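Working notes, structure below.
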Amino acid sequence: MVVVKANEIQAQLQQWVEECLPWAEKGETAGYIPALDKVPRDILGVAICDLEGNVVEAGDSDFEFSLQSISKVFTLLLALEDHGPEVVFNRVGMEPTGDPFNSIAKLEYLRPNKPLNPMINAGAIAVCDLIKGNNIEEKFDRIRNLVRKLANNPHIDLDQKVYFSEKQTGHRNRSLAYFLKDVDRLDGDVEDTLDIYFKQCALTVCCRDLAYMGAVIANGGKLLETGEQVVRPEYCRMAKAFMVTCGFYNGSGQFAVEVGIPAKSGVSGGILSSIPGRMGIGVVGPALDDKGNSLSGEMLLAKMARHWNLSIFV
Ligand code: GLU
């Protein structure tokens with residue numbers, strides 16, 4: 001990995017970071033997870049990584065944050081590798097919901113009672129239940145190893161405070177999981193599955209890690225330096241499709257129109273973007289809009305997409 005700091009792209013990114021940071025004042029941190037409520041709002045960082053592994057960073061790019069919903073992309077990839085699409089999409093659908101990320105509404109009245117997609121909480125919990133392993137430690141280890149490998153960073157680990165905070169207060173996720181068990185959409189023990197889900201959400205990264213992961217997905221699942229095929233290209237293609245249709249929850253349509261790149265947000269304020277055949281982008285800005293997406297992060301991506309013609313809908 002070559003980290004380029006002082007060049008024109010870096011100066012341009014730094015200027016855009018400064019222009020977009022004030023948007024953070026209009027947002028709120030994810031107070032429903034107590035550990036995330038304590039994070040400062042006035043942070044904005046970005047890293048971009050091309051398919052050769054060249055990285056450029058600006059702003060608070062070293063700031064560390066938990067993956068939260070971004071982890072759903074990686075458990076989806078692992079579940080697809082473990083079982084193939086038929087089993088995975090028997091468990092979760094492929095359609096956007098138009099609902100908030102933690103909504104239970106459609107789970108009850110749609111038939112069959114299957115989460116509409118793997119990017120909402122109910123869908124991600126159902127996918128988590130599919131991860132192979134003899135016990136919860138082994139299953140979580142496999143998720144962490146995939147994340148480490150895709151990020152080219154063997155040090156990525158769990159933020160224990162964030163994990164415990166969510167484990168103690170994740171009543172909504174608990175209710176989604178127990179409902180899924182009731183309608184036979186979970187095979188394993190409900191609390192075990194939730195434990196893996198809370199842990200994957202608490203894996204801690206920086207913008208550089210996200211940018212690198214986005215670039216590997218943009219590269220069809222091949223590691224940038226070694227060319228090792230870690231995830232099949234067709235599964236990376238599916239992940240990018242879900243990022244476009246469901247990556248920003250009930251803000252996905254607007255993000256597709258205004259920015260137009262495959263991206264997945266998390267309530268820590270992180271955004272993973274993967275631009276097919278071009279680059280990965282990692283952004284963090286902890287102040288969120290009312291849909292749970294980083295406000296200044298979205299603004300920054302919109303600027304980058306506009307000036308660099310990044311939209312895939314050319
Ligand atoms: N851990 C979070 C939750 O389950 C993830 C949600 C998100 O990042 O959007 O509520």
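The values are calculated or read from the model by the stated rules, or taken from the named source; none is laboratory data. All of these numbers come straight from a predicted model, not from anything done at the bench. Glycine also receives a Cβ, built like all others from the backbone with ideal geometry; neighbour counts cover every protein chain displayed.
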Quick check on my filter: what residues within the range 10-34 are of a type outside the set (A, V, I, L, M, F, W, C) and either more than 20 Å from the chain's Cα centre (by Cα) or outside any loop (DSSP other than H, G, I, E, B) (or both)? Gln10, Gln12, Gln14, Gln15, Glu18, Glu19, Pro22, Glu25, Lys26, Glu28, Pro34
Scan the range 203-222 residue by residue and report those that are of a type in the set (Gly, Ala, Ser) and within 16 Å of Lys264 (Cα to Cα). Ala211, Gly214, Ala215, Ala218
Residue count for the range 164-184, restricted to those that are without any contact (Cβ under 8 Å) to a residue 40 or more places away in the chain, out of contact with any helix residue (DSSP H, G or I) (no Cβ under 9 Å at 6 or more places or on another chain) and either among the aliphatic types (A, V, I, L, M) or in a helix (DSSP H, G or I) (or both): 2
Can you tell me which of (1) within 20 Å of Gly214 (Cα to Cα); (2) within 16 Å of the ligand (Cβ to nearest atom) is the one Ala30 doesn't meet? (1)
Just one of Asp195, Asp157 is under 30 Å from Val231 (Cα atoms), among the acidic types (Asp, Glu), within 15 Å of the ligand (Cβ to nearest atom) and within 20 Å of the chain's Cα centre (by Cα); which is it? Asp195
For Thr204, indicate whether it is out of contact with any strand residue (DSSP E or B) (no Cβ under 6 Å at 6 or more places or on another chain) and within 21 Å of Ala287 (Cβ to Cβ). no
Kindly state which helices (runs of 4 or more DSSP H) lie completely within the range 35-128 and contain at least 2 residues that are at pLDDT 95 or above. 71-83, 85-91, 121-128
Pairs returned, first residue in the range 218-233 that is at negative phi, second residue that is exposed (fewer than 15 other Cβ atoms within 10 Å of the Cβ) and not hydroxyl-bearing (Ser, Thr, Tyr), beta-carbon separation under 7 angstrom, 6 or more apart or interchain, are Ala218/Gly277; Lys222/Glu228; Lys222/Gln229; Leu224/Glu52
Would you call Val283 in contact with a Cys (Cβ under 8 Å, 6 or more places away or on another chain) and either part of a loop (DSSP other than H, G, I, E, B) or within 15 Å of the ligand (Cβ to nearest atom) (or both)? yes
Within the range 245-266, residues being among the aromatic types (Phe, Trp, Tyr) and in contact with a strand residue (DSSP E or B) (Cβ under 6 Å, 6 or more places away or on another chain) number 1
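Let's see how each residue does on (1) outside any helix (DSSP H, G or I); (2) within 18 Å of the chain's Cα centre (by Cα); (3) of a type in the set (D, E, K, R); (4) away from the ligand (no atom under 16 Å from the Cβ):
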{"site": "Val162", "(1), (2), (3), (4)": "no, yes, no, no"}
{"site": "Glu191", "(1), (2), (3), (4)": "no, no, yes, no"}
{"site": "Lys199", "(1), (2), (3), (4)": "no, yes, yes, no"}
{"site": "Gly227", "(1), (2), (3), (4)": "yes, no, no, yes"}
{"site": "Tyr235", "(1), (2), (3), (4)": "no, yes, no, yes"}
Whether any residue in the range 94-102 is small (Gly, Ala, Ser) and either surrounded by 15 or more Cβ atoms within 10 Å (Cβ to Cβ) or more than 16 Å from the ligand (Cβ to nearest atom) (or both) is what I want to check. no
Quick check on the range 211-231. Is at least one of its residues touching an Asp or Glu at 6+ places or on another chain (Cβ under 9 Å), over 24 Å from Glu81 (Cβ atoms) and buried (at least 24 other Cβ atoms within 10 Å of the Cβ)? no
Keeping to the range 57-69, report how many residues are aliphatic (A, V, I, L, M) and surrounded by 24 or more Cβ atoms within 10 Å (Cβ to Cβ). 1
Near pairs, Cβ below 6 angstrom, 6+ apart or cross-chain, from the range 16-42 (under 12 Å from Gly297 (Cα atoms)) to any residue that is among the charged types (D, E, K, R) and surrounded by 14 or more Cβ atoms within 10 Å (Cβ to Cβ): Trp16/Lys303; Ala24/Arg41; Gly27/Asp289
